[in-house]
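Comments concern the structure below.
The values are calculated or read from the model by the stated rules, or taken from the named source; none is laboratory data. Just so it is clear, the model here is predicted, and its values are computed rather than measured. Glycine also receives a Cβ, built like all others from the backbone with ideal geometry; neighbour counts cover every protein chain displayed.
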Amino acid sequence: MVSSLLRTTTTKRLSPSLLRSRGYHDESFGYRKPPTFAFPDYTEAQLQNRHTNAALLRYVDSVRTHAHRAARIDPLDLIHRESEVAALNPGRYGLPVSDPGAKLNVNGIIWTNPEVEEQRSSEEEWMSMEEINRRLREVYVGRIGYEYMHSPSKTERLWFSHLLESNSVPASAFQAPELRKRIHGLLARSEVFDNFLQLKFPNLKRYGLEGGESMLPALDSLFSSAARAGLSNIIVAMPHRGRLNLLTDPELLKYDSTALFYKIKGGSEWPEELIGEAGVEGDVLSHLISSAHLNYHSNSIKVSLLPNPSHLEAVNAVALGKTRAKQYSLLRTSPETCQLGDKVMCVQLHGDASFTGQGVVMESLGLSGLPHYTSGGTVHLVVDNNIGYTTPIAQARSSQYCSDVGKMIGAPVLHVNGDYPEDVARALHTAFLYRQFFRKDIIVDLLVYRRWGHNELDVPNFTSPLMYEKIAERKSVPRIFEERLITDEVMTEQEIDSVRKTYRAHLDSALAALPEHKPSLSSPTSPVSSTNLEMKSSWSSITWPTSSSALPDPDTGVDLDTLRELGKASVKVPEGFVVHDKVGRFVKARLGALEGKGVDWATAEALAFASLMSEGTDVRISGQDVGRGTFSQRHAMLVDQRTEGVVVPLNEFLPSSGGAKVGKLELANSSLSEMAVLGFEYGISWERPDLLPIWEAQFGDFFNGAQIIIDTFVASAETKWLKQSGITLLLPHGLDGAGPEHSSCRLERWLQLTNDRFSPSSSSSNANAESTINMHVVFPTTPAQFFHLLRRQMKRNYRKPLIVAGPKALLRLPAAASSLEEFEPGTKFQPVLPDPSLVGKEKEAKRVLLVSGKIYYDLVKERKEKGLEGKVGIVRVEELSPFPFRELGDVLNKYDLGSGKEVWWVQEEPRNQGAWPHVQERLGNVEVLVESGVQVKYWGRKESALPAPGIGRLYKEQQERVVKGAFERL
Ligand SMILES: Cc1ncc(C[n+]2csc(CCOP(=O)(O)OP(=O)(O)O)c2C)c(N)n1
């Protein structure tokens, strides 16, 4: 019988018309919101009894709330156990402690029946004081400490007390001999593995699991519960501790041991053919990855361990995004009515110090319940060894437990003693039940110890001598477990020996096979296939950027009639829907633009989205206030002024192109986080190459809160991990008197992060630069260019991150508007824009100004005012990385540079910022400039500690000097 605590229920799908209301944010895109449960309330008789037996009620609730403080959860018994917790003394509540046989009616106070409905009875239920104490102590003061009474949800609190007090997950189920033998295998192999590495590679920093071996049965239990519940995929994010143990275990992630030894010896984890030309440089040992199909009682589940950088916890949000997107991919292929989290679960492992200390933990937890960011509930497993590097907990956190950060989302916490792997397995199963029932996050705090230092070459006794004295005295976790198995006659000594010896023999032969090991595209254990570099499943239509079939520069133009139709759909207001007056004017302006009045930035963006969607591509744009747009420019999401109902016209009214299934636009208004939200979008981009994933910063500089994600994922994932991503970042940029912080998306930093070549000769062709660049950095000046860039992201048959320094001033600048013809078939993004006013007359110019971005329009205006048209050419470098050597050379060639002409680089950013530090050396390598002997002169602001001054007068003076000065002495 499945108790009602373990059953999940389903909710009905909302009708499309309701999606237009606030529900748009919750219930679209195939994800169904987790149902909300309400447990049956107490019966009249129970309420009466709670009143009559108030002292008992107070006592029981005290135990539920405080017993974790007395629970036997700490293997070292150093910190967590309090010898006396006054709240657990029934005498303090006036209960008859001196008469253990005295009976009390517990109906409505203690739960004894797993069937919640049956427990709602009027029957009196009597228990003696002794029974009450025994039951409560068994449940709450054992080797698992529970914290759930902080939950703001009465249903969740009741769910836990019912589950625990009615013994719905009995300890005996985790004492079954077969399970204990399996647990033993995991523990023993882990120890054999650690010892083996220590012996064969004594100088290796392996971040072994000694002391924390229970992490493996913990995960095994979780995977098993998930597989039995019908989940198909688990996405795992984890740090260094015990990662190699999990990876290589033959029952878990099955990483080839010989490949591991090869890596330890300095070899490559990727096929050797990819090193060099294809740009692969790999990552360190403790970041290796694997995915494996595991079978539990004929239920198969795929567990994928994500790559991660050294930056602790940074991978969390990436894993969440990947999980949500994976669920969506699976739903599309198996469209049964499915709840979020039915198929895929995110599992995150943490160290105690990093879980407490890293801000991204809070940011990522904060996403867990938000529309557009929920992923069906994560199980967090903290491998809590009470120390971080050399920092003991007293200096590492202000909270009682490392898990306390989870309380900000009301997540329940189970603290469990790692010396008792069966209890660990039980805790993880319980955590899974909660996650499955509520589709919310839960934390398991696995209390263990770390036998060695931070790594095996480290000396922990320098700083924690007493703790390590205690640790040194202890037998290992696997050995203690083996002794119990022998005592309980579950295994004999010989059997135990055989498990260890068999695994040791396996490792010996894997090491012996090392000389023959050479990872290659054709080897059977290769993580990538020779033809398509692991372009599996959803990536099957995507090729590798350096392959001969890569298309870096596809046509991105669209038939104009189609565009007009799409543009109209983008602002269609449903009948009876009342939009704000200003939005009404916005709608009119868009319709005017489509009739030839000039296409503005937001219209170009809408046309890019709409055309991609009509061809079947999904688009997701995420960030603060993206639905409306920070500058009120987008209005892709309309809000009814009377009801706050929401409609996204592009999702309602878009015609399909050539019968393709129309894509969807997900406008994900985010929490006020950059790091976690960008990480989340980035995770989506790993899973869904068929979706255009966009993250928009409110102002460009706010991306710096997400710098870790940028350095360690966006800029480097392809080189480290062969992971492509089409993530697209929109970063408002440009000086407009708004002061230091709102002026710059720190173009210089992006450019410094690219692996752009310094001269054209360092690569054979421009096409090659397109494919080996780690990310594109662009600063487009026209809506049409922006349109083509967005479409290029999806029309290529490979994926690259795109960083767009986006405009603020140009959003509505009439001079920046594009004509519809710039969007038509045959048009595409131009890395360099020649001066349109000088076409054919370039030779007459005396000076050429090279610029990037919005200053172009200021310069054009000034040139006109000065009457210098024809004398000065203004050439726009729209793509800064890869630097367009060829295209710029082609344009400059027309100017006849040999005839004493000047070439200036003009920018409004300070000299140490903007594009200049990047372009300076590269300009010196443009062939025509080299041949003509022209030295490019810098003209712009002088060096500054700020992107722009905060004093208005200063800003104006500086800006005038830059703009006017560009035309002096002509
Ligand atoms: C963001 C970040 N800061 C510092 C480090 C350096 N570092 C690596 S491991 C570690 C200690 C981590 O402690 P904990 O999270 O408790 O995990 P444990 O090593 O104890 O398993 C530190 C400080 C890092 N990798 N990432």
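Scan the range 410-424 for residues that are within 16 Å of the ligand (Cβ to nearest atom) and part of a loop (DSSP other than H, G, I, E, B) and the total you get is 1.
Taken over the range 679-701, the residue count meeting the criterion of being surrounded by 24 or more Cβ atoms within 10 Å (Cβ to Cβ), more than 16 Å from the ligand (Cβ to nearest atom) and farther than 20 Å from residue 795 by Cα is 5.
Restricting attention to the range 376-409, the residues that are acidic (Asp, Glu) and either near the ligand (Cβ under 8 Å from one of its atoms) or assigned to a loop (DSSP other than H, G, I, E, B) (or both) add up to 1. Note on the range 320-341: among residues that are among the charged types (D, E, K, R) and at pLDDT 90 or above, the one that is nearest to the ligand (Cβ to nearest atom) is 322.
Listed here are the residues, each with its yes/no results for (1) more than 16 Å from the ligand (Cβ to nearest atom); (2) touching a strand residue (DSSP E or B) at 6+ places or on another chain (Cβ under 8 Å); (3) assigned to a loop (DSSP other than H, G, I, E, B).
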position	(1), (2), (3)
355	no, yes, no
363	no, no, no
373	yes, yes, yes
426	yes, yes, no
432	yes, yes, no
446	no, yes, no
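Applying a threshold of 6 Å to beta carbon distances and a minimum spacing of six or more residues, or different chains, the list of pairs starting in the range 153-181 at a residue that is within 17 Å of residue 217 (Cβ to Cβ) and ending at one that is not in a helix (DSSP H, G or I) reads 177/490; 180/490. Which numbered condition in (1) within 24 Å of residue 960 (Cα to Cα); (2) in contact with a Ser or Thr (Cβ under 8 Å, 6 or more places away or on another chain); (3) charged (D, E, K, R); (4) in contact (Cβ under 8 Å) with a residue 60 or more places away in the chain is the only one that residue 828 fails? The number of the failed condition is (1).
The one condition from (1) within 16 Å of the ligand (Cβ to nearest atom); (2) out of contact with any strand residue (DSSP E or B) (no Cβ under 9 Å at 6 or more places or on another chain); (3) under 30 Å from residue 343 (Cβ atoms) that residue 284 does not meet is (3).
When you go through 205, 181 one by one, which is the residue that is modelled with pLDDT under 95 and surrounded by fewer than 21 Cβ atoms within 10 Å (Cβ to Cβ)? 205 is the lone residue from the list that is modelled with pLDDT under 95 and surrounded by fewer than 21 Cβ atoms within 10 Å (Cβ to Cβ).
Conditions (1) surrounded by 20 or more Cβ atoms within 10 Å (Cβ to Cβ); (2) modelled with pLDDT of 95 or more; (3) touching a helix residue (DSSP H, G or I) at 6+ places or on another chain (Cβ under 6 Å); (4) charged (D, E, K, R), marked per residue:
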| residue | (1), (2), (3), (4) |
| --- | --- |
| 855 | yes, yes, no, no |
| 877 | yes, yes, no, no |
| 882 | yes, yes, yes, no |
| 904 | no, yes, no, no |
| 908 | yes, yes, yes, yes |
| 937 | no, yes, no, yes |
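Per the conditions (1) touching a strand residue (DSSP E or B) at 6+ places or on another chain (Cβ under 7 Å); (2) within 30 Å of residue 566 (Cα to Cα), the sole criterion not satisfied by residue 747 is (2). Out of the residues in the range 342-353 that are within 16 Å of the ligand (Cβ to nearest atom) and not in a strand (DSSP E or B), which is farthest from residue 302 (Cα to Cα)? Among those that are within 16 Å of the ligand (Cβ to nearest atom) and not in a strand (DSSP E or B), it is 353.
All of (1) modelled with pLDDT of 95 or more; (2) touching a strand residue (DSSP E or B) at 6+ places or on another chain (Cβ under 9 Å) hold for residue 742 with one exception: (1). The single condition from (1) surrounded by 20 or more Cβ atoms within 10 Å (Cβ to Cβ); (2) away from the ligand (no atom under 16 Å from the Cβ) that residue 272 fails is (1). If you check residue 729 against the conditions, is it at pLDDT 95 or above, within 17 Å of residue 753 (Cα to Cα), under 17 Å from the mean Cα position of the chain (by Cα) and aliphatic (A, V, I, L, M)? Taking the combined requirement at face value, the residue satisfies it. Close Cβ contacts (under 7 Å, 6 or more residues apart or on different chains) running from residues in the range 777-789 that are within 23 Å of residue 752 (Cβ to Cβ) and at pLDDT 95 or above to residues that are among the hydroxyl-bearing types (Ser, Thr, Tyr) and assigned to a helix (DSSP H, G or I) comprise 781/856.
Select from the range 215-259 the residues that are in contact with a Ser or Thr (Cβ under 8 Å, 6 or more places away or on another chain), in a loop (DSSP other than H, G, I, E, B) and within 16 Å of the ligand (Cβ to nearest atom) and list them in ascending order. Scanning the range 215-259 gives 239, 240, 242. Does the range 523-530 contain at least one residue that is farther than 27 Å from residue 207 by Cα and either modelled with pLDDT of 95 or more or in a helix (DSSP H, G or I) (or both)? Checked the range 523-530: no residue is farther than 27 Å from residue 207 by Cα and either modelled with pLDDT of 95 or more or in a helix (DSSP H, G or I) (or both). One residue is enough: does the range 702-714 have a residue meeting the conditions surrounded by fewer than 21 Cβ atoms within 10 Å (Cβ to Cβ), in contact (Cβ under 8 Å) with a residue 40 or more places away in the chain and among the aromatic types (Phe, Trp, Tyr)? No; the residues of the range 702-714 include none that is surrounded by fewer than 21 Cβ atoms within 10 Å (Cβ to Cβ), in contact (Cβ under 8 Å) with a residue 40 or more places away in the chain and among the aromatic types (Phe, Trp, Tyr). Screening 339, 327 for residues that are buried (at least 17 other Cβ atoms within 10 Å of the Cβ) and assigned to a loop (DSSP other than H, G, I, E, B) leaves exactly one candidate, 339.
Results for (1) assigned to a loop (DSSP other than H, G, I, E, B); (2) without any contact (Cβ under 8 Å) to a residue 60 or more places away in the chain, shown as yes or no for each residue.
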site: 45; (1), (2): no, no
site: 55; (1), (2): no, yes
site: 63; (1), (2): no, no
site: 77; (1), (2): yes, yes
site: 104; (1), (2): no, yes
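Residues in the range 291-319 that are within 15 Å of the ligand (Cβ to nearest atom) and small (Gly, Ala, Ser) were compared, and the one that is nearest to the chain's Cα centre (by Cα) is 317. Here residue 387 clears all of (1) more than 20 Å from residue 240 (Cβ to Cβ); (2) crowded, with 21+ Cβ neighbours inside 10 Å; (3) out of contact with any strand residue (DSSP E or B) (no Cβ under 8 Å at 6 or more places or on another chain) except the condition numbered (1). Within the range 635-656, restricting attention to residues that are surrounded by fewer than 19 Cβ atoms within 10 Å (Cβ to Cβ) and farther than 22 Å from residue 589 by Cα, the residue that is modelled with the highest pLDDT is 642. Based on what the data block shows, is residue 689 outside any helix (DSSP H, G or I), touching a residue at least 60 places away in the same chain (Cβ under 8 Å) and within 28 Å of residue 323 (Cα to Cα)? Taking the combined requirement at face value, the residue satisfies it. State yes or no: is residue 579 in contact with a strand residue (DSSP E or B) (Cβ under 9 Å, 6 or more places away or on another chain), surrounded by fewer than 23 Cβ atoms within 10 Å (Cβ to Cβ) and closer than 25 Å to residue 699 by Cα? Criteria not met by residue 579. Among the residues of the range 621-651, write down those that are outside any loop (DSSP other than H, G, I, E, B), under 16 Å from residue 610 (Cβ atoms) and within 27 Å of the chain's Cα centre (by Cα). Within the range 621-651, 621, 650, 651 qualify.
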